[in-house]
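Asker: Here it is, the structure in full.
The values are calculated or read from the model by the stated rules, or taken from the named source; none is laboratory data. Predicted, not measured: the structure shown is a model, and the values here were computed from it. Ideal geometry is used to build each Cβ from the backbone, glycine not excepted, and the neighbour counts take in all protein chains shown.
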Amino acid sequence: MNDEPQVRTSDGSRSGWLPSRREVLGLGGALALGGGIAGALSWHQRHESGLRSRVFIGRADHYEADIESVLSEAFGALGITAAEIKGKRILLKPNLVETARGALHINTHPRVVAAAVETFRRFGAGEILVAEGQGHRRDSWLVLEESGMDGALADARVPFVDLNHDGFGVVPNGGGATPFATLCIPDTVRTADWVVSLPKMKTHHWAGITCAMKNMFGIMPGTVYGWPKNLLHWAGIPESIVDINKTVPTALSIVDGIVGMEGDGPIMGSPKAAGCLLVGRNAAAIDATCARVMGLNPYGVSYLTAASGRLGPIHEENIVQCGATISSVRAQFDIVDVPHLESVRGRSSGNA
Amino acid sequence: MPDAWRDKLIDRIANTAATTGAWGYRLGSGESAEATALAVLALSACGRHESLRLNGLKWLATIQGDDGGVPIGSTVPGPCWSTGLAVLAWGDRDDDLSAGFDTNVSAATSWLLSTRGSPIAHDARLFGHDTMLRGWSWVPDTHSWVEPTSYAILALRDVDRASHPHVREGVRLLLDRALPEGGWNYGNTRVLDNVLRPFPATSGIALTALAGEPHSELIDRGIGYLQETLPRVRSPLSVSWGLIGLTAWGARPAEGGAWLAESAARSLHRPANVVYDAMLLLAGAETNRLSHRSNRG
């Protein structure tokens, strides 16, 4: 349920994945007692020992910009080579949670998806497909039409796979943060060589932000998890995000931050231009950087603190920034004024 | 049925049946109880392919659990939100093929009456709907939503359990989940400060399930939403459920047949989707097991 009051702070009692209650209290205590960011950083420093990841930020002020060139530059900066892509089956997973005619700020823009298709094609991908299991609407046709994605996919000559109604396999839960011993993963996802998360940069009224990691909710079949992905929300949003991303690691994330969403995201918020694309191999590092670009505190996002050290780095010193600087694209995103997002409000330390 | 698109969709459904008797959502996507039930209902509404219908009904029986629930497919024991659709497929009193499935219908009915969605503590700051009302959920022990609640109501009404307290509460839940400006989405009305958007398909499903209930302003708004929205919608799922919902309330627009033909023509240029094809056939049939039984309420 995008929309149920199951926004939990993790207490870690069910698994070793999330910070324990003692750790969380320690973190909160450090902040409350004046340790502030310094206290938070030392906690993450310990958990991210040895982790480094590179995140590229590219400028694109509008959707008529040469997005493909930005992505090519990003691939170069990240060390992605044609030899690495050649012959691979690439699954591009945009965010198409729900559509409304004329509201293009809800979902990943078709031009970003089309540019990703062409970039992977130029790098020699063997097969490229676009796949999504929309969180709210079962009617894929309507979603594709209203988002403008159908025309873009036809022009790009790539198929769309409806993951909500795909065949699926039952696989062990690689995370263990939720009580689920297994997860049902669509066959199309399981047989992809690279799963690429292509989210929109948005605020989220329960999770704080939704970018590369939360976008992966959309691979989970609605026939199993419901619409909205009810069972996952019931099990806990941060916990589910950790489990899905641990079970199905993304090879790359490309975040559409050209026009994102602020306020009551992920569907009812307002357009917010940030004029950028973020690209990186590690989804946790990408999302932490997104939070910084959005002027929000990554250490206040429960799923990011849970991911820190387990799924990647979120501390700025462990993220190698390339391309544009965070400060050059930073745009303060408003978030809804609710107590459970108080920790998300406000910046972490900036590197710019 | 003079339209050529119907025959083409019927053929396509027939050609996508698995040797097990089941249908998947699309070729190669695995067996699906929902796709199978809707394919059987569509072929029945068209009076075609008796043997395929019987195979489909038998396959649904093979996957039914000991508790009566019908899981979404043969490879997992649940969730069983497809049980209501199976009841509709098995229980077609106008179809001689259904005679052998009384036990299955009975067990499935018991499952539906013993299974309900979970309430959650109501917090008016967060949600606009009455979170304590119980209907049916997609997954056991989670919240109730519009679509599974509608399927359960349709099935239980079909077996003459419309007055059961669970059905009555389910009806109240659907009315409570109606959006103030008309229509339904998956089942949230307001979250925090924003009223959410309606969807055509779920609006049609809810209106179909509510057929036979007293007319109300909420119903009129739902009808009005579909009448305003459907003229610019041609996706099979939305236009079909939308028309079935309007038909259930005697509000089917004269252009409905043309919309279906246009949607079918587009659908036939794409890879087969059994649910889409079946829904187009059901929406185009003189009578169907969805709106027909609802009207008898």
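Asker: Can you tell me which residues in the stretch B:273-293 are modelled with pLDDT of 95 or more and either surrounded by fewer than 23 Cβ atoms within 10 Å (Cβ to Cβ) or β-branched (Val, Ile, Thr) (or both)? Talk me through it step by step, then tell me what you get.
Answerer: Kept after step one, since they are modelled with pLDDT of 95 or more, are these residues of the stretch B:273-293: B:273-284.
Scanning the stretch B:273-293 gives B:VAL274, B:VAL275.
Asker: Which one is farthest from A:PRO199 (Cα to Cα) among residues in the stretch A:78-109 that are more than 14 Å from chain B (Cβ to nearest Cβ) and crowded, with 24+ Cβ neighbours inside 10 Å?
Answerer: This residue is A:ILE90.
Asker: Which of the following residues is within 18 Å of B:ALA211 (Cβ to Cβ) and either part of a loop (DSSP other than H, G, I, E, B) or of a type outside the set (D, E, K, R) (or both): B:TYR151, B:TYR186?
Answerer: Details: B:TYR186 fails: within 18 Å of B:ALA211 (Cβ to Cβ).
Unique residue meeting the criteria: B:TYR151.
Asker: Restricting attention to the stretch B:59-71, does a residue exist that is farther than 16 Å from B:MET279 by Cβ and of a type in the set (S, T, N, Q)?
Answerer: So in the stretch B:59-71, the residues farther than 16 Å from B:MET279 by Cβ come out as B:59-71.
This time we only want the ones that are of a type in the set (S, T, N, Q), so: B:62, B:64.
Yes, the conditions are met somewhere in the stretch B:59-71.
Asker: Here's something else I'd like to know. For A:GLU317, which of the numbered conditions (1) in a helix (DSSP H, G or I); (2) under 30 Å from A:THR191 (Cβ atoms); (3) of a type in the set (Asp, Glu) fails to hold?
Answerer: Condition not satisfied by A:GLU317: (2).
Asker: Considering every residue within the stretch B:164-176, establish whether at least one is within 20 Å of A:TRP227 (Cα to Cα) and within 14 Å of chain A (Cβ to nearest Cβ).
Answerer: No: the stretch B:164-176 contains no residue that is within 20 Å of A:TRP227 (Cα to Cα) and within 14 Å of chain A (Cβ to nearest Cβ).
Asker: To continue, here is another question. Looking only at the stretch A:172-187, filter to residues that are crowded, with 23+ Cβ neighbours inside 10 Å and not in a loop (DSSP other than H, G, I, E, B); which one of those is farthest from the other protein chains (Cβ to nearest Cβ)?
Answerer: Per the stated criteria, the residue is A:LEU183.
Asker: In this structure, does B:GLU217 turn out to be at pLDDT 95 or above, more than 22 Å from B:GLY84 (Cα to Cα) and either in contact with a strand residue (DSSP E or B) (Cβ under 8 Å, 6 or more places away or on another chain) or surrounded by fewer than 24 Cβ atoms within 10 Å (Cβ to Cβ) (or both)?
Answerer: So B:GLU217 fits the description; yes.
Asker: Still on this structure: Please verify whether B:PHE127 is among the aromatic types (Phe, Trp, Tyr) and within 30 Å of A:TRP206 (Cβ to Cβ), treating the condition exactly as stated.
Answerer: yes
Asker: Check the stretch B:42-60 and report whether any residue there is of a type in the set (Lys, Arg), buried (at least 18 other Cβ atoms within 10 Å of the Cβ) and in contact with an Asp or Glu (Cβ under 8 Å, 6 or more places away or on another chain). Working first, answer last.
Answerer: To start, the set of residues in the stretch B:42-60 that are of a type in the set (Lys, Arg) comprises B:48, B:53, B:58.
Imposing the further condition that a residue be buried (at least 18 other Cβ atoms within 10 Å of the Cβ) reduces the set to B:48, B:53.
Next cut, in contact with an Asp or Glu (Cβ under 8 Å, 6 or more places away or on another chain) only: B:53.
There is at least one residue in the stretch B:42-60 that is of a type in the set (Lys, Arg), buried (at least 18 other Cβ atoms within 10 Å of the Cβ) and in contact with an Asp or Glu (Cβ under 8 Å, 6 or more places away or on another chain).
Asker: Something else about it: Does B:SER137 satisfy the criteria of being within 14 Å of chain A (Cβ to nearest Cβ), in contact (Cβ under 8 Å) with a residue 40 or more places away in the chain and assigned to a loop (DSSP other than H, G, I, E, B)? Lay out the reasoning, then the answer.
Answerer: Details: within 14 Å of chain A (Cβ to nearest Cβ): yes; in contact (Cβ under 8 Å) with a residue 40 or more places away in the chain: yes; assigned to a loop (DSSP other than H, G, I, E, B): yes.
For B:SER137, the condition - within 14 Å of chain A (Cβ to nearest Cβ), in contact (Cβ under 8 Å) with a residue 40 or more places away in the chain and assigned to a loop (DSSP other than H, G, I, E, B) - is met.
Asker: Spot the failing condition for B:THR202; the list is (1) in contact (Cβ under 8 Å) with a residue 60 or more places away in the chain; (2) facing chain A (nearest Cβ under 10 Å); (3) β-branched (Val, Ile, Thr); (4) buried (at least 22 other Cβ atoms within 10 Å of the Cβ), and only one is missed.
Answerer: Failing condition for B:THR202: (1).
Asker: Can I ask one more? Among the residues of the stretch A:257-266, is any in a helix (DSSP H, G or I), within 14 Å of another protein chain (Cβ to nearest Cβ) and within 17 Å of the chain's Cα centre (by Cα)?
Answerer: Within the stretch A:257-266, none of the residues are in a helix (DSSP H, G or I), within 14 Å of another protein chain (Cβ to nearest Cβ) and within 17 Å of the chain's Cα centre (by Cα).
Asker: What is the number of the single condition among (1) closer than 24 Å to B:PRO148 by Cα; (2) part of a strand (DSSP E or B) that A:TRP227 does not meet?
Answerer: (2)
Asker: Is it the case that some residue within the stretch A:294-311 is β-branched (Val, Ile, Thr), more than 15 Å from A:ILE241 (Cα to Cα) and surrounded by 24 or more Cβ atoms within 10 Å (Cβ to Cβ)?
Answerer: Scanning the stretch A:294-311, I find no residue that is β-branched (Val, Ile, Thr), more than 15 Å from A:ILE241 (Cα to Cα) and surrounded by 24 or more Cβ atoms within 10 Å (Cβ to Cβ), so the answer is no.
Asker: What is the one condition in (1) within 9 Å of another protein chain (Cβ to nearest Cβ); (2) surrounded by fewer than 22 Cβ atoms within 10 Å (Cβ to Cβ); (3) on the phi > 0 side of the Ramachandran plot that B:ASP160 does not satisfy?
Answerer: Only one criterion is unmet by B:ASP160, namely (1).
Asker: For B:ARG116, are the conditions met, namely being under 22 Å from A:PRO228 (Cα atoms), in a loop (DSSP other than H, G, I, E, B), free of Cβ contacts under 8 Å to residues at least 40 places away in the same chain and among the basic types (Lys, Arg)?
Answerer: Spelling it out, it is not the case that B:ARG116 is under 22 Å from A:PRO228 (Cα atoms), in a loop (DSSP other than H, G, I, E, B), free of Cβ contacts under 8 Å to residues at least 40 places away in the same chain and among the basic types (Lys, Arg).
Asker: Is one or more of the residues making up the stretch A:53-67 in a helix (DSSP H, G or I) and more than 21 Å from A:ASP287 (Cβ to Cβ)?
Answerer: No, the stretch A:53-67 contains no residue that is in a helix (DSSP H, G or I) and more than 21 Å from A:ASP287 (Cβ to Cβ).
Asker: While we're here: Can you name the condition, by its number, that B:ALA206 falls short on among (1) more than 15 Å from A:ASP139 (Cα to Cα); (2) of a type in the set (A, V, I, L, M); (3) assigned to a loop (DSSP other than H, G, I, E, B)?
Answerer: Exception for B:ALA206: condition (3).
Asker: Another question about this same structure. Could you check the stretch A:104-123 and list, in sequence order, the residues that are hydroxyl-bearing (Ser, Thr, Tyr) and closer than 21 Å to A:GLY135 by Cβ?
Answerer: Answer for the stretch A:104-123, where residues must be hydroxyl-bearing (Ser, Thr, Tyr) and closer than 21 Å to A:GLY135 by Cβ: just A:THR108.
Asker: A further question follows. Could you go through the stretch A:274-282 and let me know if any residue there is in contact with a helix residue (DSSP H, G or I) (Cβ under 9 Å, 6 or more places away or on another chain) and farther than 19 Å from A:SER69 by Cβ. I'd like the intermediate steps shown before the answer.
Answerer: Just the residues of the stretch A:274-282 that are in contact with a helix residue (DSSP H, G or I) (Cβ under 9 Å, 6 or more places away or on another chain), to begin with: A:274-281.
Next cut, farther than 19 Å from A:SER69 by Cβ only: A:281.
Within the stretch A:274-282 (the criterion being in contact with a helix residue (DSSP H, G or I) (Cβ under 9 Å, 6 or more places away or on another chain) and farther than 19 Å from A:SER69 by Cβ), the answer is yes, since at least one residue qualifies.
Asker: Can you name every one of the helices (runs of 4 or more DSSP H) wholly within the stretch A:74-157 that holds 1 or more residues which are closer than 30 Å to B:TRP184 by Cβ and free of Cβ contacts under 8 Å to residues at least 12 places away in the same chain?
Answerer: Working: elements: A:82-85, A:110-122, A:140-147, A:149-156.
Filter on the stretch A:74-157 gives A:140-147, A:149-156.
Asker: Then there is this: Run down A:ALA331, A:ALA306 and say which single residue is under 16 Å from A:ASP287 (Cα atoms) and in a loop (DSSP other than H, G, I, E, B).
Answerer: A:ALA331
Asker: Among the residues of the stretch B:2-35, count how many are closer than 22 Å to B:GLY78 by Cβ and among the acidic types (Asp, Glu).
Answerer: Residues in the stretch B:2-35 being closer than 22 Å to B:GLY78 by Cβ and among the acidic types (Asp, Glu): 2 in total.
Asker: Can you report the number of residues in the stretch B:29-76 which are at positive phi and within 14 Å of chain A (Cβ to nearest Cβ)?
Answerer: 1
Asker: Quick check on my filter: what residues within the stretch A:150-164 are charged (D, E, K, R) and surrounded by fewer than 19 Cβ atoms within 10 Å (Cβ to Cβ)?
Answerer: Residues satisfying the conditions are A:ASP150, A:ASP155, A:ARG157.
Asker: Let me ask another. Would you point out the residue of the stretch B:102-134, among those that are more than 8 Å from chain A (Cβ to nearest Cβ) and within 20 Å of B:THR202 (Cα to Cα), that is farthest from the chain's Cα centre (by Cα)?
Answerer: For the stretch B:102-134, the residue satisfying everything is B:GLY128.
Asker: Within the stretch A:199-250, track down each residue that is within 13 Å of chain B (Cβ to nearest Cβ), closer than 24 Å to A:PHE333 by Cβ and aromatic (Phe, Trp, Tyr).
Answerer: Once the filter is applied, which keeps residues that are within 13 Å of chain B (Cβ to nearest Cβ), closer than 24 Å to A:PHE333 by Cβ and aromatic (Phe, Trp, Tyr), the stretch A:199-250 yields only A:TRP206.
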